[in-house]
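In what follows, a single structure is set out as structure tokens and then discussed.
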Amino acid sequence: MKVMFFTLLLGLATPLFSVFAGSSSANQLQVMDDGILALNQRLELIKKAKKSIEVEYFIYSIDPVGRIFTQALLDKAREGVKVRVLVDKSAPVFELKPFYVLGMKNSLPEDKRENIEVKYFNPTMILQFYSTQFRNHRKLLVIDDEFAVTGGRNIADEYFDLNPEYNFLDRDVLLTGPLAKEMRETFDLFWDAKYAKDAKLPKEPKLSDFHCNHADRSCNGATKKQKFRMAMRRYEKNLNKGLDYVTPNADDAVLLDGIQREGERLNKGSQEVTCNETYFYTDTPGKKSRNQLLKNEIAKLIAETNEKIVVESPYFVLYSKTHNEMTELLDKKVKLTVLTNSLYSTDAVYVAAVFNAMAATYVQEGMQAYIYRGKSPIEWGGVSEEAHEGIWGIHSKSATFDDKHTFIGTYNVDPRSRNLNFEMGIVCKNNPELAKLVTSHIQKRIDGAVKLNNKGKPEDGSKLLFDTSFGKKALYWGLMIPSHIFK
């Protein structure tokens, strides 16, 4: 039994997209767990660009990371590099408003302004609720068709270990090789899709834009001038915001220096792996198709597994079909280990409510379930000490299969990623070196987690809702009632 509330909340609906698959080829892969490393590598790649840069993210924030990332893109646009930015326009998280784009354009010499273009994906009005559910959750940076970065990170402080209150433990992969070009070609599919719209830049108001309504006898020339002046003040205020966003300042310089120093240190200890069977899978905009290769490829990897699967996902929400698939897997005596968020560490309370309602069942069926404690990594390599003391949550979307196949991408274990969002990911097959590396990274995070017993409670005797604020608990308990009824 299902109700509309959970259908809409968790995305149990029919998708409106088809799927594209990349080809197999040898590529170099660098796994990036540290946020500072992941940010510095992005900035260094942008510096290398000679011809083109493609940027595609679900979230693009107006914060220190957004500032320095945007400024790096503009530096290349001034040099003549073509820069295209595609940002999903999901109302709850959308920040890159048109006046920031106008600031980006106006910061460039007039003959260079065409070198940077910005589009919004699916800018549907919030009242069109069904249409707004189809979000572009892909995360991609491509440089000159030679380098590509994908994984769980968006462009915001909390994805790069820099938010003083809450940060994500995430994972990206930097790919160097021929597959980067195919990844860029999928960017083109989204860029050219009818769902992608140019950012409509605000225009400077003119007095002639304002007219009196004939029915309003109080309206006169003075009234029109007053309306014009008010509109002009709003325009100038927003324009100054946009220009300030793209203009480097002393704080940006200090942050960049810290990122570069720490990023270079972390890069020296990072490992690059050659994968001879590298595959790229992505959903593409369009009507539903039987060729949903991303989720089908994941299902195929699961079905072919004989011994063990290790999963790290911020959300772990199964519905009847995926629950049955998991049960079949466990019946084969495959060891399934899952690391996800606790209520304390999650950024989505309703997901914790759904998972905790089912946790006992999952463990009884054979799954080894771990929930993250929310503390900073044991091996801290950050720039911000405030971030070190804040709350940390799992955000990586990764899995390894039989210690030889690896998936790193944007796909969460939940109905939204399976049925609604446009997702993407890299699969490296028959490479024990990479699989064991990623498994070891997940294990380090498991060391900071709590294992659940067959009652869905922490095995160490601690409370399930440890360290959680009263407000978060209240929302959680409100959601637990329908979670138990409709599980």
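The values are calculated or read from the model by the stated rules, or taken from the named source; none is laboratory data. Note that the coordinates shown come from a computational prediction; the quantities given were computed from them, not determined experimentally. Because the Cβ atoms are built from the backbone with ideal geometry, glycine has one as well, and the counts that use them run over all protein chains shown.
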* Could you say whether any residue in segment 21-28 is surrounded by fewer than 17 Cβ atoms within 10 Å (Cβ to Cβ) and modelled with pLDDT of 95 or more? -> yes
* Asked: Can you tell me which residue in segment 334-360 is surrounded by the fewest Cβ atoms within 10 Å (Cβ to Cβ), limited to those that are in a loop (DSSP other than H, G, I, E, B) and without any contact (Cβ under 8 Å) to a residue 40 or more places away in the chain?
  -> 348
* **Lone qualifier among 427, 438 - being in a strand (DSSP E or B) and under 26 Å from the mean Cα position of the chain (by Cα)** => 427
* **Residues that are crowded, with 17+ Cβ neighbours inside 10 Å and either charged (D, E, K, R) or within 26 Å of the chain's Cα centre (by Cα) (or both), drawn from segment 449-464** => 449, 450, 457
* Structure fact -> Among residues of segment 316-356 being in contact with a Gly (Cβ under 8 Å, 6 or more places away or on another chain) and aliphatic (A, V, I, L, M), the residue farthest from residue 396 (Cα to Cα) is 330
* Is at least one residue of segment 223-235 at pLDDT below 75 and more than 23 Å from the chain's Cα centre (by Cα)? -> yes
* To do: Find all pairs meeting these conditions: Cβ atoms under 9 angstrom apart; at least six residues apart or on different chains; first residue within segment 428-448 and in the same structural domain as residue 409 (by TED's automatic domain parsing) and surrounded by fewer than 15 Cβ atoms within 10 Å (Cβ to Cβ); second residue of a type outside the set (D, E, K, R) and assigned to a helix (DSSP H, G or I).
  => none
* Which condition number does residue 477 fail, the rest of (1) over 22 Å from the mean Cα position of the chain (by Cα); (2) at pLDDT 95 or above being met? -> (2)
* Criterion violated by residue 274 - all others in (1) in contact (Cβ under 8 Å) with a residue 60 or more places away in the chain; (2) crowded, with 19+ Cβ neighbours inside 10 Å satisfied -> (2)
* Which fully enclosed strands (runs of 3 or more DSSP E) of segment 20-102 have 3 or more residues being under 27 Å from residue 195 (Cα atoms)? -> 52-57, 82-88
* Would you be able to say whether some residue in segment 158-176 is assigned to a helix (DSSP H, G or I) and either crowded, with 22+ Cβ neighbours inside 10 Å or without any contact (Cβ under 8 Å) to a residue 60 or more places away in the chain (or both)? => yes
* Mind checking which pairs have a first residue in segment 136-153 that is assigned by TED's automatic domain parsing to the domain that holds residue 428 and within 13 Å of residue 187 (Cβ to Cβ) and a second that is of a type outside the set (Phe, Trp, Tyr) and buried (at least 24 other Cβ atoms within 10 Å of the Cβ), Cβ under 7 Å, 6 or more apart or different chains? -> none
* Among the residues of segment 444-475, which ones are out of contact with any Leu (no Cβ under 9 Å at 6 or more places or on another chain), outside any loop (DSSP other than H, G, I, E, B) and either closer than 18 Å to residue 352 by Cβ or among the polar types (S, T, N, Q) (or both)? -> 451, 470, 471, 474, 475
* **Verdict on residue 81 being within 17 Å of the chain's Cα centre (by Cα), of a type outside the set (S, T, N, Q) and modelled with pLDDT of 95 or more** => no
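Residue-wise test of (1) assigned by TED's automatic domain parsing to the domain that holds residue 193; (2) at pLDDT 95 or above; (3) aliphatic (A, V, I, L, M).
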site	(1), (2), (3)
283	no, no, no
292	no, no, no
302	no, no, yes
313	no, yes, no
317	no, no, yes
320	no, no, no
325	no, no, no
330	no, no, yes
346	no, yes, no
* Could you tell me whether residue 108 is outside any loop (DSSP other than H, G, I, E, B) and modelled with pLDDT of 95 or more? => no
* Structure fact -> Here the qualifying pairs (Cβ atoms under 7 Å; residues six or more apart or on different chains; first in segment 59-87 and without any contact (Cβ under 8 Å) to a residue 40 or more places away in the chain and in the same structural domain as residue 151 (by TED's automatic domain parsing); second surrounded by 20 or more Cβ atoms within 10 Å (Cβ to Cβ) and of a type in the set (S, T, N, Q)) come out as 77/115; 80/115; 81/115; 82/115; 83/115
